[in-house]
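Some notes on the structure that comes next.
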Amino acid sequence: MRFSDVIRLALLQLRVNPLRTAFTLLGIVVSVGFLVAVVAIIQGMNAYVKENIADALVGTNSFQVRRSPISIGLFNDDQFRLIERRPKIGEADAEAVRAALPDAVAISLQSGWPTPQADVVWRDRTLGSVQIFGVTSDYQVVQDYRFTSGRPLSDIDVRDRRNVIVVGADIATTLFDGADAIDKDVRIMGQRFTVIGVVARKGRVLGQSFDGFALMPITAFEGIYGRRQTTTVSVKVNTAADVAPAMARAEEAMRVARGLRPSEANNFTVSTADALVEFWNQLTAVLFAVVPAVVAIGVLVGGIVIMNIMLMAVTERTHEIGLRKAMGATSADVRKQFLAEAVALATLGGILGVLAGWGLAATVAAVSPLPARVTGWSVALALTLGAGIGVLFGVYPASRAARLDPITAMRAEI
């Protein structure tokens, strides 16, 4: 019996019994669809964290010298006490790093945690909960800020403690109601500041805007708020390949500047956005551990349903099997026929599951801030899983059909 005939007859059987086929496919479609959708959302989130959140917080081709490590999770008591004993990062540390990395694109000093929020007042308008950052001029280079109007903060602004600010696009749009924000005087914590620049829109990440901030010279900032607990030195280099060697040189310079002996641990942290990415990967690893178990249960149920349906088909088609054997079909032909039907059924379920998962992932991405990226390996896994289930649970019904005695089968009622 030719392979093409086997496939054609298998597909014919699926078409002849559409209702039975639909209910048989349901378990596999749901399981495979769930697998594809969840993997798509997790993969999309992984890329999103790396491309948007991490790079937005640290900057591309950049790293930071910090008092405390970058972490999304909370520190335990011992870690917190250890960090509290560390000296704060200051201008002397920035100068030490600057001396060690004369080829860096930019080296900045900026305020860190806790980041203050304040009302920004212009005339009779008040915009609340605006994040206020104190920075040196190079911070704007580290963050790759582009300006839609005005100019960035300068070294002179920092040196002379000028009361000037650069604002994000949300501030300019909301507070000034579409009017040109440049040279407008606003009040922050009772002090007057002049808007000198507006940063181009960065967009939103998971519904959180990255455009609701105001930057002021760090000297003016510390005059209002004092030094932060985690003032940070940020370093931007030319390429991603330059980051690791630059980090090593910065670490060495910091150890020398702080007089640390070889046996002493660092009382500072040199880190990149990879810390955020690593934390997120650890979180998604837990999800990846749970997903296979859920999918396995669904696929197992679907496989059992396929096996029961195929056993029912063997019983219903006993006379047909006897007739085929009487006309010269071998046990191998019968086995191949029923196995092909099981595989076709499971593969069809896999294809429909992939389409369903793809559609679900696209819907989630469209109606929520969660991104979703369907990957080739998850599609391949889903299709392989479907075909594999057909083989695994189709062997027994196919073998049972192949063992039927043709004479006994011919006597079965049609």
| said: Only four residue types carry charge here, +1 at the Cβ of Lys and Arg and -1 at the Cβ of Asp and Glu. Report the dipole size of segment 81-195 about the Cα centre in Debye, rounded to the nearest 20. | reply: 360
| query | Using θ = phi - 60° and the Karplus form 6.51 cos²θ - 1.76 cosθ + 1.60, what ³J(HN,Hα) does each residue of segment 36-45 get, whole Hz, x for Gly and Pro? | reply | 4, 5, 5, 4, 4, 5, 5, 5, x, 5
| note | Checked segment 62-271 with the C-alpha gyration tensor, a ≥ b ≥ c its square-rooted eigenvalues, rounded below a/c of 1.5, otherwise prolate if a/b is larger than b/c and oblate if not; verdict prolate
| query | All other residues with a Cβ under 9 Å from the Cβ of residue 219 taken together, and with Lys, Arg as +1 and Asp, Glu as -1, what is their net charge? | reply | 0
| query | Hey, what D do you get for segment 152-207 in µm²/s if you plug the Kirkwood alpha-carbon radius into Stokes-Einstein at 25 °C and 0.890 mPa s? | reply | 200
| note | Phi-derived 3J(HN,Hα) across segment 128-135 with the Karplus relation (6.51, -1.76, 1.60, θ = phi - 60°), rounded Hz, x for Gly and Pro, is x, 6, 8, 6, 10, 10, x, 9
| note | Under the 7 Å Cα-to-Cβ spin-label approximation, residue 330 and residue 124 lie apart by a distance in nanometres of 9.5
| said: Let me spell out the model: positive unit charges on the Cβ of Lys and Arg, negative unit charges on the Cβ of Asp and Glu, origin at the Cα centre of segment 62-271. What dipole size does that give, in debye rounded to 20? | reply: 260
| task | Measure off 7 Å from each Cα along the Cα-to-Cβ vector at residue 151 and residue 182, then give the distance between these two points in nanometres to one decimal. | result | 1.0
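How much length is gained on full extension from residue 266 to residue 355, taking 0.36 nm per residue of separation minus their Cα-Cα distance?
Full extension from residue 266 to residue 355 adds 26.9 nm.
Read-outs: derived from the displayed coordinates by stated rules, not from any lab. Being a predicted model, the structure only gives us computed values, none of them experimental. Methodologically, a virtual Cβ is constructed for each residue, glycine included, from the backbone with ideal geometry; neighbour enumeration extends over all protein chains shown.
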